[in-house]
Amino acid sequence: MQYQTESWGSYKMSNIGFGGDVGLAADTSLLRLESLVAESAVVIFSVSTCCMCHAVKGLFRGMGVSPAVHELDLHPYGGDIQRALIRLLGCSGASSPGALPVVFIGGKLVGAMDRVMASHINGSLVPLLKDAGALWL
Amino acid sequence: MDNHRVIREMDNHRVISEATNHNDNHHLSYSLLHGLSNNPPPPGFINQDGSSCFDYGELEEAMVLQGVNSSSHEAKPRLFAGGGATTLEMFPSWPIRTHKSLPTESSKSGGESSDSESANFSGKAESQLPESPMSSKQNHHLMLQHHHSNNMANSTSASGLPSTSRTLAPPKASEDKRKATTSGKLLDAKTLRRLAQNREAARKSRLRKKAYVQQLESSRIKLSQLEQELQRARSQGMFMGGCGPPGPNITSGAAMFDMEYGRWLEDENRHMSEIRTGLQAHLSDNDLRLIVDGYIAHFDEVFRLKAVAAKADVFHLIIGTWMSPAERCFIWMAGFRPSDFIKILVSQMDLLTEQQLMGIYSLQHSSQQAEEALSQGLEQLQQSLIDTLAASQVIDGMQQMAVALGKVSNLEGFIRQADNLRQQTVHQLRRILTVRQAARCFLVIGEYYGRLRALSSLWLSRPRETLISDETSCQTTTDLQMVQSSRNQFSNF
């Protein structure tokens, strides 16, 4: 099932100012990201050695959700995707530790760990999961 | 040989006589001290190492052998309270030489015990020893020197001694006469038995005195240590709730946080009373809303403080010395468990609509899931650290440490997420409940933690036995308690 990712259009627009080559690279990495995100209901970008990523995976599995996990340190285009994510999230540093994990639900960006936690506490996470078909009942 | 022992004995008995209520020894020793100090014995007789003590019994033997009538104790003080002439008569073979001067310090082990002791001392001395010749300062100093060499204790000043010595006026005429009449030896079975008993008593007194002095020394050291810690804590800002004083290696960030958390606790009490009076006064919803929003802002403030502290010294937050012991008992990731808030509430909240009840229970559920996820993450961190540090084959120690440091740096992220969880829980509660309900809810939670902190204080100051006997058991006592039990120790003697 493919998920809608039209909200990304605005992101793409704002990143064009980087210059020709970079813009092109940004485009391709964003496209790659898009395709990955559209594949599953819940997509988590993580690093295999990161403990916070382990925590977020545990959170979703504990809720009965089976997310699609992409370990960027083991992924062939991991660096690209990470850069694209950072641009998407608006982080300043290229290798900011707070960047990962990043969670997408139903093709839409939820955010890093603090956003995921906040949405779970305020009760918005479960409806989102249900809408995306990741959670039944 | 007897002579230096005389001096030693006088020290001993003046010190412990009050404690043992041994009136005979007391009077005699005081007067002996005065009498002999008038005519200082040769330096060789002064025992500088203070290790050997002599028998009072032997002293009495000596006096008996000199022909003293030992049946009346009244006679004894007068005999020896004389001036130089009387003492010369007693020990005729000794040349009179000035005693080697020791640094004069007003210190005696007995004097530091309590002022009441010296008061008793002066009272007894005054009433029954009016003829003491002690008026010269030199004698006073000699006595103190004897004490110094005897006990090697540098403690509080003996305020009682100087006052007593000056109050006694010395008429000498009657003593000389009485002294002159005694000659020849008097020894009978009763006397011998009494001498033996006195020896025994003297020995026991000596042992008691030794033990007492040792206890005093150790208590003094402990007290000075505690005072130092207290001083340090006060300079860094003392916190409430019965928290212990900070250790020696506290970082500046940690000290800063402790101080600011102390202030936050004061604010907390203020907010609590504000909410309480607001509810009791049945304020309007709008007024109450202001109070409740103010309380939530106050809560946001502590999370901000913790975020700063986590950057500076995350271990200090995790270990939680800034919390009261009872709170620390239930610590989770440098703070309270968000699901605990719900636990506290559930028993107290009533009059909730169905929707509200659903909201509370789902909040409890989601907070528990989030806590579980973070705990798992932290476990993974520990496992990762074990893998790094517990490697048997260490090729490059520095590399290993660098990797480990990198992993430890993740702790700050976990504490931040835990605080974020707490903050979100508080905000969600505010959203679910009405203003009045929220006010009551925060009051319940605030009072619970306040009582938990009070419980910690009570626990720490609960009545215990003597300070020394508790050395073997572990203890984290407050300063006040230590000082109180130390004071009890002194009064027991």
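The values are calculated or read from the model by the stated rules, or taken from the named source; none is laboratory data. Keep in mind the model is a prediction, meaning the values are calculated, not measured. Backbone-built Cβ (ideal geometry, glycine too); neighbour counts: all protein chains shown. Just so you know, the surface numbers come from the protein's heavy atoms only, side chains and all, with ligands and any DNA or RNA stripped out. Shrake-Rupley method; radii C 1.70, N 1.55, O 1.52, S 1.80 Å.
Looking across the stretch B:408-442 at every residue that is of a type in the set (D, E, K, R), over 15 Å from B:L317 (Cβ atoms) and within 14 Å of chain A (Cβ to nearest Cβ), the one that is least open to solvent (accessible area, probe 1.4 Å) is identified as B:R430. Of the helices (runs of 4 or more DSSP H) entirely within the stretch B:391-462, those holding at least 2 residues that are touching a Gly at 6+ places or on another chain (Cβ under 9 Å) occupy B:410-432, B:435-460.
Among residues of the stretch B:355-392 being under 14 Å from B:Q437 (Cβ atoms) and more than 9 Å from chain A (Cβ to nearest Cβ), the one that is surrounded by the most Cβ atoms within 10 Å (Cβ to Cβ) is B:I360.
Within the set A:V65, A:V69, the sole residue that is farther than 24 Å from B:G406 by Cβ and either within 13 Å of the chain's Cα centre (by Cα) or within 14 Å of chain B (Cβ to nearest Cβ) (or both) turns out to be A:V65.
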